[in-house]
Each structure stands twice: as C-alpha cells, then as structure tokens.
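Below: one structure, written as structure tokens.
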Amino acid sequence: MKKRLFIWIVSIVFTCSVSAQPWMQAKYLTKSNAKPTFFEIQSAFKKYWGNKPYEKCKGYKQYKRWEYDMEPKSFPDGIIPSPDKYINEYITFKKGANKSANSIANWTPLGILSWTNGTSGYNPGNGRVNDMCVSTDNNTIYIATPSGGVWKSNNAGQTWNTTFDNQTSLGTSSVVVNPSNPNIVYVGTGDRDASDAPAFGVLKSTDAGATWVSSGLTSAGNINKLIINPLRVATMFAATGAGIYVTYNSGTTWTKMGAGSSEIKNICYKPNDTTVLYAVSDKFIKSSNSGLTFTQVTSGLPTGVERYEIAVTSLNSAYVYLLASNSNSSFQGVYRSTNSGTSFSTQSTTPNILGYAADGSDDSGQGWYDLAIAVSPTSSEKIFIGGVNVWYSNDGGINWLNSSMWYTGSGLPYTHADIHCLKFYGTKLYCGSDGGIFRTDDQGVSWNNISSGLGITQFYRMGGDPNSANLIYAGAQDNGCNKYQSGSWTHVVGADGMECVVDYSNSSTAYVCSQNGGLQRTTDGGDTFLDVSVQGATGGWVTPYVIHPTSPNTIYAAYDNLYVSTSGGVNADWTALTTINTEIRDLAIAPSNPNYLYYATTSTLYISKNAGQTWLSSMPGGSSSYITDIYVNKTNPEQVWVTTTGSVDGVYFSGNAGTSFTSIKKNMTNMNFKSITHDEHSNGAIYLGTEIGIYYTDSTMTQWVEYNDGLPNVIVNELEINYVNNKLRAATYGRGIWESDLYSVATSVDSKEPAKCSIYPNPTNDFVNIKSSSSITKVMVLDVVGRNVLNLNCDSYQKELKIDVSMLVEGTYFVKIHFEGGQQIIKFIKN
C-alpha cells in the first residue's frame, strides 16, 4: 500500500445527544418530548441533583460543561440547534465571501504533544479517546476522539498523524477496519459519551484513512458503534442515537432494523455465528435472525439499569458478559450468560468498581459516561472493566482486583480517569480514556501511555506571558492546567482546567483555575500552588478573572458577584463589588485605565468607570442575544468589542463605553461567535473565533475573511495576540493550541514571495519535488502537532529538490522552505 501525504506549505522567516444521562429519564425529565429544550434539560438535572454538594464521579461536571456550551447556543428560547447548523452557516458564508480577498494565515500547532507531570499535577493527559481499533497487520492503530478527529499510527503507537482536520466536524465515536481489506476504514461521527461534537453520519476511507467520503446515515444522531460482518464484509451494523441500522452494500444505503428508535450504545456479533447479534443501552436485546428483529432479554437481569456495556469471547462463544451501572451511576453489577444471551446470572454487585477508590469502598461512579468491558484472549474467565479506573477478575467477575488508578503516584500503574473503551488485540489490551490511549502487554500488570503525538487537547482558555513568546498557561477539559515553556508542556494542576493568567510584572507568578471557580496562584513558576478562590461564592463553569493592569496584586474575579482582592487572593481579602447574585459569564478591565470595568450576564453588559463603585448597563445585541466575549482596546478604555450568540450571532463595537453600539457583523453568518481580539498595532484589525475557525476584518474592509489556512476545522474558544513575536494564538477545543503570524505580517511577508515555487505531487506517495526560482537553503517538514520530522540543509543553494518522505506516516504535513536572503514562502496547498 502506498502512502498519501497531504502537504500544507507554510513558509516563514524564523450538538447533541444527551438521552443516556440519568437526568434525561422520565423521573426527572417530566415532559415527554422527543426534542427537549435546554431549559427542560436544565430543570431535569436540577431535580436529579437536588441540593447535594458537588461530588466527584457523579456526572455533575459532564452536565455543567454541556450546560456551559449549550446555554448560549440555545438562547433565548431554549431550542437546541440542529447538529448541522454551524456547518450550514459556514457553507453560506463561503458562498457569499469575496473570493478575491487576500487572507493569508500560517497556523502551526503548539500542542499538547507530550507532557511531563509537575509537582502539583496528578491527572496529566493529551485528551479523550472514545474508541480505537488495530488493523490486520497488528501495527496500524486508529483512534476516534470526541472533538479531535481520527488519528492513525503505523508503528504501534510510537507516532501519530491525522488526515481528518478538514471534515465537517471533528467528533468521532467509533472506528472499524474491514477485515478483508485493511484499506477500507469506517468512522462513526458524533460524541457518544458527552455530546462534545455533532454527528454527521458514517465516513468511509478506501485508502487506509488518507481520504474520507460520506457513507450515509446522516440523520441517525451519534454513530456510537460500527461492526462489520466478518463473513460478508459488505454488511455492517450501526448502533446509533436513533436505534440500529444495517447496510448490505458497504454503506451505500442503510436500513433501520426492528429495535425501536431509542439510543443503542453498543452492538456485537456472537463469536463464530453472525446470525446472532447482541446490543445494549439501558436494556439488553438479542437477535437470532441476522439482525432482522431484536428481542429484549430480562431473565436474570436487574431493573433500574442506567447503562450496559457488553463483551463476548471466542474462547467460549456461548458466554456474554454485561457490565451495568445503576441509576446513581455507580456499580450495579456484572452479569454473565452461558447460553448465548438467553438468560443471565449475577457474578458480583460489590465492590464499587466504577468509582474512585482503589478498594471500591466509595459510592461514586458515572457509568452513563465511562463504561467499558473486555474479555482476555487467554481465559474466558478473565475480564477487565473500566469506569474511573481499570479493574480485572480472574474468576468470571466474582472477585476483583485493581489494575490501574486515575491519578499519578498511587503505587499502581496510571491510566487517566474515565475509561471509554477496552479492547484486546492478541494479548495486548488497549484502554481509551479521558487522557489518551494506554496499553498493557502483560494482562494489566503494567500500563504504557502511547498517547505521545496526539494533538487532541480540549482547551477552554489560555494565558500567555506578555513579556515572552515562550510561556503559556492553559486550561483543558479533563486534563487540568498545563504550562507551555519553550516548546515543552508540564501538567501543573489537576481537575478540569479553565482560565489562566500570567503576572505581567513577574512571570514566576501565575493564576490557574479549575471548574466553577477553583482559583489557584503560583509564585514559583508552577511548582506549587495556593488556593485563592473566593470562599462561599459560586463560580461559573469557566469563571472569569483579570489582573489590574498597574497593580499586579489586585485581581478581580467574577463568580455570582464581582469580587476584588488587593493581595492576589492570598489574604482572603475578597470584597464584593456587586450584589447581583447571578453568574457572570465574562469580565474585562481596560489596560489603559483600570477604573473601567466591564462584565456580562447573559444579554446585559455592565460598565463601571469608577472601579466598581457604580454601574451602568447596556444590551449590545438586545435581550435575545447572549454575550460571549468582551475585549477592551489597550489604549482607549471606552473602545470595546462584544460578541454575542444565540438564535442570531452578533459582533458589536462601542467607542463610548457601551452607551451605544454599532454592528460590525458584515457578511459573517451565525457560526456561534465565541471570542474576539483586537490588534493594537493595526487600524481596527480584529479576529473572531467561532465554532468553525477564525475570521478577520479591519476598518478598511467591507467583509470578514477566513483566517484558517492550516488550522483544523475546530472550535476556537479563545484568541490572544503575543506582541513579542507578533503571533495570534488560538485555544481550540479538541486540537490543542495553535499560532499564526498576524494578518498584516503575513501580508507583508507574502509580498516578498519568490516569483515561482511549486511542490508536487500533492498528495504524494513516496517523494515530493520542490521547484523554485530562488535558491533554497533549508527545508523542514513538521507533522500536524508541530514536531519536526525531517530536515534538509541545502549547502549548494539548489532551486530544485526531491525529498524522500516514504518513511513518514500517512497524514498531513507542514513544509517550511527557507530561501537565500532570508525569504520564505507563505502558501497553503490543499490536496
């Protein structure tokens, strides 16, 4: 098989299925509705949770992140947008955009590629993995991630690459290889376990993942599981958010089977008998006629199950194992059938193997979210299960031992918390978790992290050092807060990472935050941290806070009120500046005049010109728009930009501190505007981060233009400009942090571009040719996570080169070409 490498040439000088969740059941979701509104789901969760304090591993944080994302999108009427809304808006934008507009970006990734664990870190990782599979050669691995696409390794996980970055969405839940032809690969889209990305059907590759095309099933919700009939490989079943579907022609057409319209989480064949299929949701169903009809089996199974997962074994094809979570999301039990799913017996109901505790003594668990089971290929009595940790049993699930723990330093091997898949290939067991992909080669005695190279981190926020291009702190879903310094990442604080800020007066001091306002401060460069959060206050999922621009120990934090501390929170001297008792979504302070403060709650922008003593209010987009970001001009405190979203998105500018606003939406369509920043060195130049990429405009332009060259088709949560290296940086939800030259810099460099330069063939198999009218001094090839994989120095200053790339994994690569005199090309070549 020949590889196809897609080359990005960058030349520089130097959403929503939540039905499986327990609060979506009739007891809590009291209104029967096939499409519940946001407010109905929110009310159902409040009934489910009640007045309990926050507990780990109960589903609270998974709900809160969904709520944080969906509330603005469904504002004001609560109608949850269709999964294809934003891609349709993007298509509309493309149709109306000025085709001659010159938008030149050169996005390159900063990671996370790999990490070291800091002294205060405990749950490091690259990002969540939903599913994986190993191809017939036993070295080729595919993984499916919830918002980072499909990745592939050709060398058993030593290196990774992706060709998925330009798909409609990067959310995937299932991946499977045709057993008769490993060049054929299918992917199920959407995010099965947390609805982090919308589904858009099944994708198919006929060239081992080099390219992807639609293979139907676009209206079935999340594609949770795909299986191929090993005897008739044109037959494939899909477990989806709308039931079970089958194709008999390799995905050309799909037919819904007689298993109802409820969500099905998993489906599998009985080993060595493709006439028998098993499928699970909160029920176990079986087909004995090749999937034409399914019947629920209840004999020996409990009631009140929240979710099942299933495993079978070829060592004893009559065995069926079920792992069940209960209505409290903790361990219901393990059940086994010895008669091909006709009836079951209880193997165990204790200890709680779905929770946090190493001995199973707690009552926690979130089995609706993380649940997996696998049978060893060496014994049909040895089974592994995954919840928060990995456990194993040597006697068919009667007794249990802990194989790995969710945090580092426990004395047991580390696999990141929240297990979404466990799969044996030969004697190797793979574990997909919230932190990446792990593998054991010795039946769970030891575990190896094989995630290095996966750029799949879901970042919420970042904070760069304004005095250096080499220091960033950033907060990630499931993987805490992380420090980037001179190309390396260190995991510094655990939990879910949120907003981060570096002290402009001393880079050894920085603030990081976990979910709901867990604010911490370091004064030793991230080695140790002190809790400086506002005690007794309730923060939003992403709690905003800012540093005073001239008094660095003064910090403002926005919880259910706006608070200020003059000791950086160290002395717990927080004073409330408001009495609104409402969650504050965003906060900004004017760098040139710190008396100017701005904060937002849903539709209303509040403005103070006297450091919070009195407040005025404004509604930039009216009562139907939800404010998502505020940016204040660095030199003029009355110039402010605001983004809004909801049924209609908006971008607004005020030159009089919010007294009046002007829409600068221009030709932008409603792509869920999430972040905005202004280039202080350019005339009205602004960048907009959205659900699908980044856009640019300035005061000389009548339209917005895309600024996405080289950037994956990914959610952009935050934008920052670092003026030390004149780079625009983007924190993405699913593909890590990226940076590009600014618009003006890119344009000026482009004007120096040599008259002629080409690279071919593209895509390529084994070699790539570069031909230029100027002498080439150096060529660098980087993979999609920014790692330098090939260098070529041209001592003779050649104008034509032929580069051997046959050793590289299939995927997309950046080629940086240096020319005599210091010039380089800025050009983006699509496949």
Using the Karplus curve 6.51 cos²θ - 1.76 cosθ + 1.60 with θ = phi - 60°, work out ³J(HN,Hα) for each residue of the range 587-602 in order, rounded to whole Hz, and write x for Gly and Pro.
8, 8, 10, 6, x, 8, 7, x, 5, 8, 10, 10, 9, 10, 10, 6
Per residue, how big is the convex hull of the range 677-717 when only Cα atoms are used? Give it in Å³.
68 Å³
The chain - accessible surface per residue (Å², probe 1.4 Å)
34 Å²
In terms of modelled amide H atoms, which long-range or inter-chain residues lie less than 5 Å from the amide H of Lys799?
Ile776
At q = 0.09, 0.13 Å⁻¹, work out log10 I(q)/I(0) for the range 592-744 with the Debye formula, treating every Cα as an identical point scatterer and leaving solvent out; two decimals please.
-0.27, -0.57
Could you compute how much accessible surface Leu616 exposes when probed at 1.4 Å, giving the result in Å² to the nearest 10?
110 Å²
Which one of Pro544, Thr172, Ala210 has its Cα pushed farthest toward the positive end of the charge dipole of the chain, where Lys and Arg give +1 and Asp and Glu give -1 at the Cβ?
Ala210
Of Ser329, Tyr484, His678, which is farthest on the positive side of the dipole of the chain, counting Cα position, with +1 on Lys and Arg Cβ, -1 on Asp and Glu Cβ, and the Cα centre as origin?
Ser329
Ordered by residue, what ³J(HN,Hα) values in Hz, to whole numbers, does the range 483-499 give under the Karplus form 6.51 cos²θ - 1.76 cosθ + 1.60, where θ = phi - 60° and Gly and Pro are x?
10, 9, 9, 6, x, 10, 10, 10, 7, 9, 9, x, 6, 8, x, 10, 5
Can you tell me the order of 482-490, 261-269, 143-151 when each peptide is scored by its average per-residue count of other Cβ atoms within 10 angstrom, highest first?
143-151, 261-269, 482-490
Whole-Hz ³J(HN,Hα) from phi, Karplus 6.51 cos²θ - 1.76 cosθ + 1.60, for the range 256-272, glycine and proline x:
7, 9, x, 10, x, 10, 6, 5, 10, 7, 8, 8, 8, 8, 5, x, 6
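Nearest 0.05, what FRET efficiency do Asn506 and Thr293 give at R0 = 56 Å with Cβ-Cβ as r?
Efficiency at R0 = 56 Å is approximately 0.20.
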Using the Kirkwood radius over Cα pairs, work out the Stokes-Einstein diffusion coefficient for the range 96-251 at 4 °C and 1.567 mPa s, in µm²/s as a whole number.
77 µm²/s
The set of residues whose placed amide H lies less than 5 Å from the amide H of Leu110, leaving out same-chain residues fewer than 5 positions away, is Ile737, Trp738, Glu739
Can you show me the helix-derived [θ] at 222 nm for the chain, built from DSSP H runs with n ≥ 4 at -39,500 (n - 2.57) apiece and divided by the number of residues, rounded to the nearest 500.
-1500 deg cm²/dmol
Quick one: which residues, 5+ away or cross-chain, put their amide H under 5 Å from the amide H of Thr313? H built at 1.01 Å from N.
Tyr319
Restricting the calculation to Cα positions, tell me the Rg (one decimal) and the Dmax (whole number) of the range 657-735 in Å.
12.7, 39
Over all pairs of distinct alpha carbons, what does the Kirkwood formula give as the hydrodynamic radius of the range 343-399, in Å?
11.8 Å
Rounded, prolate or oblate, given the Cα gyration tensor of the chain, with a/c below 1.5 counting as rounded?
oblate
Roll a 1.4 angstrom probe over the protein heavy atoms and tell me the percent of accessible area of the chain that is carbon or sulfur.
48 percent
By how many nm would the segment from Ser314 to Lys771 lengthen if fully extended, with 0.36 nm per residue of separation less the alpha-carbon distance?
159.0 nm
Would you mind calculating the gained length between Ser180 and Thr303 on full extension (0.36 nm times residue separation, minus the Cα-Cα distance), in nm to one decimal?
40.2 nm
Taking a ≥ b ≥ c as the square roots of the Cα gyration tensor eigenvalues, with a/c under 1.5 meaning rounded and otherwise prolate when a/b beats b/c or oblate if not, the range 319-413 comes out oblate
Taking the Cα centre of each part, how many Å lie between the range 301-372 and the range 556-593?
46 Å
Rounded if a/c is under 1.5, else prolate if a/b is larger than b/c, else oblate: which is the range 213-306, with a ≥ b ≥ c the root eigenvalues of its Cα gyration tensor?
oblate
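The values are calculated or read from the model by the stated rules, or taken from the named source; none is laboratory data. Please read these numbers as outputs of a predicted model, since none were measured by experiment. Note that we place each Cβ from the backbone using ideal geometry, even for glycine, and neighbour counts take in every protein chain shown. To get the accessible areas, we keep the full protein, side chains included, count just its heavy atoms, and leave off ligands, DNA and RNA. Shrake-Rupley method; radii C 1.70, N 1.55, O 1.52, S 1.80 Å.
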